[in-house]
Amino acid sequence: MRSYKVLTFGCQMNEHDSEKMSGLLAAEGLMKSDTAEDADLIIINTCSIREKAEQKFFSEVGKLKELKAANPGLVIAVSGCIAQQEGRKILRRAPHVDLIFGNQNIKDLPDLIASRTRGNREVRTDFPEAYEHELLPAVRTGTVSSFVNIMFGCDNFCSYCVVPHVRGREKSRRPSDIVAEITTLVAGGCREVTLLGQNVNSYGRGLEGTDACTFPELLEMVDGIDGLERIRFVTSHPKDLSDSLVEAMARLPKVCENIHLPLQSASDSVLAGMNRKYTFASYMEKLGKLRAAMPGITLSTDIIVGFPGETEEDYRMTVDALESIRYDSIFSFKYSERPNTKALKMPGHLPEGVKSARLDHVIDLQNRITEEKNAGCVGKTYEVLVERPDKTGDAGRVSGKTRGGKIVNFAGGVSLVGRLVTVRITEGKKHSLVGEMV
Ligand code: 5AD
Ligand code: SF4
């Protein structure tokens, strides 16, 4: 076996898990292949957050049938949240799949491949008792901006969400391990980290003795790493967003003035049904504190429409909230039924047509707001961290982000990659800005 290809679906957590798989395979001497057609090993790292993601997976895995027929030696593995959730059932539905491994079994990948060469088709989806969140070597796709896990799993059990079921209980990594990892990344050219966790605001729960550390304290430690320029983090749960986090964000120079704060709904009865443990008023109070401490802060959120029992009036409240908060960007979804979740058995499931109409309206509304916000950036100057040559392949152009997380494309050479530059915005597009260096 000489080469591999990892196909990644879903969130940043999955993207980073794929980087760890690449790291393990590189250590085994395998080369990354550009296409699935050229690979001896294909891993599909899956997402099960919504039904649509699951359907996409089964269509994707179906496409690989022909490759397998043409090359019987090809090994096809399935990892991630669908692997965790469906396990052995995938082998029955897609007999050309060779092995399955779950979210806490990534480190077993070399072992599983060896087992496959001995003729076995293993399924490993247990949550090991002593799941140590050891540092797996990662081959990262970006050098300037990198993902770093600070915790794993989730204990919140929002009633619609499959994550606690497929990623297991919440566990924080030791702060010393996190700082050591980032220090190594910075020595390799990294300038920005995104700290990853399902709920970063509860970071540190369960850490004891010399490891004891809260999220604001962790930010302070990471802020002290020489050579690092910027710190971001996802995801914050509104219920755990503390005054000390707001204070730390405003005070620490490397922490960007940008937060993703999922609202989900602006109706208190829907929020209660979702088990979110905050009210719309308490969410707004926290948003007020963030905006008061950092007047230029950019905001993004997640919205679910069509949760069971959501009335027209509930839905209107969410629309009104989007109009008044004016997020820079949002991710919006129709409620999707997920196995083993509480919401599945709640009364008042809505027809598909109602959910779709609500979602379409939310998307249109936010597109307008995002465009207006981007247009409002024109003429202003921003500090931009240059991440890469422009994706459009336009030679002589580069792409980076403002501290607020907005993508900016402008004329400049590749030597700018990794540097902080000042850019004046000349045009606001739907999902990005265009500018010129000053
Ligand atoms: N249906 C629709 N959206 C969901 N999300 C999570 N579970 C579901 C579901 N069952 C959304 C939430 C969450 C984001 C990552 O995905 O908005 O914040
Ligand atoms: Fe899912 Fe809620 Fe945990 Fe986020 S906080 S991963 S929405 S259960």
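Dividing the summed helix terms, -39500 (n - 2.57) for each DSSP H run of n ≥ 4, by the number of residues in the chain produces a 222 nm estimate of -10500 deg cm²/dmol to the nearest 500. For Gln12 and Asn120, a Förster radius of 22 Å and the Cβ-Cβ distance give a FRET efficiency of 0.10, rounded to the nearest 0.05.
Checked against a 22 Å cut-off, the cross-linked pairs Lys373/Lys401; Lys171/Lys239; Lys289/Lys401; Lys52/Lys355; Lys63/Lys430; Lys380/Lys406 give Cα-Cα distances beyond that limit for Lys289/Lys401; Lys63/Lys430.
Between amide H atoms placed 1.01 Å from N, distances below 5 Å from Asn275 occur with Ser159, all of them 5 or more places distant or on a separate chain.
The fraction of accessible area contributed by carbon and sulfur in the chain is 52 percent, rounded to a whole number (1.4 Å probe; ligands and nucleic acids excluded). Measuring from each cysteine beta-carbon in the chain, the ones with no other cysteine beta-carbon under 4.7 angstrom are Cys11, Cys47, Cys81, Cys154, Cys190, Cys213, Cys256, Cys377. When its C-alpha radius of gyration is set against 2.2 N^0.38 Å (N residues), the stretch 381-437 gives a value of 0.95.
Calculate the length of the line joining the C-alpha centroid of the stretch 207-225 to that of the stretch 285-346, in whole Å. Going from one Cα centre to the other spans 30 Å. State in Å² the accessible area per residue of the chain; use a 1.4 Å probe, count heavy atoms of protein chains only, and round to the nearest integer. I get 44 Å² per residue for the chain. Counting only protein heavy atoms and using a 1.4 Å probe, the accessible area of Ser33 comes to about 10 Å².
Cα-based radius of gyration for the chain, normalised by 2.2 N^0.38 Å, reads 1.00. Rounded to the nearest 20 debye, the dipole magnitude of the stretch 257-370 is 380 debye, with +1 charges on Lys and Arg beta carbons, -1 on Asp and Glu beta carbons, and the Cα centre as origin.
Using only the alpha-carbon atoms of the stretch 1-131 as identical scatterers, what base-10 log of I(q)/I(0) does the Debye formula give at q = 0.12, 0.18 Å⁻¹? Cα-only, vacuum Debye calculation for the stretch 1-131: -0.39, -0.96.
The values are calculated or read from the model by the stated rules, or taken from the named source; none is laboratory data. Bear in mind that the values here come from a model prediction, so they are computed numbers and not experimental data. Every residue, glycine as well, gets a Cβ built from its backbone with ideal geometry; the counts of neighbours run over all protein chains shown. Note: accessible area is taken over every heavy atom of the protein model, side chains too, but ligands, DNA and RNA are not part of it. Shrake-Rupley method; radii C 1.70, N 1.55, O 1.52, S 1.80 Å.
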